[in-house]
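To start, the structure under review is shown below, and the notes come after it.
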Amino acid sequence: MLRSMTGYGKDSFIDDKTSLSIEIKGINNRYLDINIRLPKSLFFLEDKMRRKISQIVNRGRIDVFINFNNLKRQDLKANLNENLLDSYLGCLNIVKEKLDIKENMTISDIIRLQDVFTIVEMEDDVSDLWIIVEACLERALDNFIKMKDEEGLVLKHNIMEKIDNIKKLIYFIEEKAPKVIEENKIKLNDRITESLLNYELDNNRLYQEFCFMADKLSIDEEIIRLKCHVESFLNHLNQKESSGKKMDFIIQEMNREINTIGSKCNSVDIVNNVIEVKNEIEKIREQIQNIE
């Protein structure tokens, strides 16, 4: 199935502890370029997410945006630095003795002592968190791929119309080509006869010149190769896997053959059809740049 490189997919997850949303955007790019923007608390999952995406997407620039919040903040814990507290108390007792202070220290006083109490963030269970993120990512990717496939189907129908038109133009060129050679033979014979009225013609030499001209003007090989390229292009167009790079190469070969045909023929009818083929090929080439 033909698949576009542009697309968008989104999914979210929320329960009493976790809020998670994932957005995926895709645009044209020659290679696969994955950019993931996620909060610091999920940095350790980046490689897993990158591998997951690369298993599904072959080409394009992929931007992934992730928002994650721990709603209950159950990952916070208070720690007491007992050694530091003992040091503080020792210093305070020395001060009390020197200044003859009778007041006793309260809990409020202890809380205000710097670094005696610290709040640390406990790590989430890695496996549980990845299960949530992976499921949400898979759903977002499904939506992303669905949109890419829908756009790819539109591209396929449009390209098929242009290929059908190219096939008709090639048929016309093929039908016209022998007549062009015959017309050129007659013109060449007339010019030679007119130029050599007072001379005896060498029929063997004239035959050789006709053969040389016919070989030079013949476009049979180019037409055969052009037809083969068209069939090969259609085969890739109908494959299950999208192959934009291969189709881009084939379209370049089609353009090469039609250019050769145009350079060999001096018939106005053929030249006009060559121009139409080149125009259709260019339109297809532009659309292929968006195919994965």
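Counting only helices (runs of 4 or more DSSP H) wholly contained in segment 155-269, the ones carrying 3 or more residues that are of a type in the set (A, V, I, L, M, F, W, C) and modelled with pLDDT of 65 or more occupy 220-237, 244-264. Taking the numbered list (1) open to solvent by 60 Å² or more (accessible area, probe 1.4 Å); (2) free of Cβ contacts under 8 Å to residues at least 24 places away in the same chain in turn, TYR88 passes all entries but (2). Inside segment 24-36, residues that are of a type outside the set (A, V, I, L, M, F, W, C), outside any loop (DSSP other than H, G, I, E, B) and either modelled with pLDDT under 95 or open to solvent by less than 50 Å² (accessible area, probe 1.4 Å) (or both) make up a count of 2. Confirm whether ILE275 is touching a helix residue (DSSP H, G or I) at 6+ places or on another chain (Cβ under 6 Å) and in contact (Cβ under 8 Å) with a residue 12 or more places away in the chain. Criteria not met by ILE275.
The test for being modelled with pLDDT of 95 or more, exposed (fewer than 11 other Cβ atoms within 10 Å of the Cβ) and of a type outside the set (A, V, I, L, M, F, W, C) does not hold for ARG73.
Scanning segment 43-67 for residues that are of a type outside the set (D, E, K, R), assigned to a strand (DSSP E or B) and open to solvent by 30 Å² or more (accessible area, probe 1.4 Å) yields PHE65, ASN67. ILE110 fulfils the conditions (1) out of contact with any Asp or Glu (no Cβ under 6 Å at 6 or more places or on another chain); (2) at pLDDT below 95; (3) open to solvent by 90 Å² or more (accessible area, probe 1.4 Å) except for a single criterion, (3).
Exactly one residue among ILE53, ILE14, ILE66 is under 34 Å from the mean Cα position of the chain (by Cα), within 30 Å of ILE284 (Cβ to Cβ) and β-branched (Val, Ile, Thr), and that residue is ILE53.
With respect to the conditions (1) in contact with a Lys or Arg (Cβ under 9 Å, 6 or more places away or on another chain); (2) exposed (fewer than 13 other Cβ atoms within 10 Å of the Cβ); (3) modelled with pLDDT under 95, LYS40 lacks only one, and its number is (1).
The values are calculated or read from the model by the stated rules, or taken from the named source; none is laboratory data. This is a predicted model, so every value here is computed, not measured. Methodologically, a virtual Cβ is constructed for each residue, glycine included, from the backbone with ideal geometry; neighbour enumeration extends over all protein chains shown. With ligands, DNA and RNA removed, areas are computed over all heavy atoms of the protein, side chains included. Shrake-Rupley method; radii C 1.70, N 1.55, O 1.52, S 1.80 Å.
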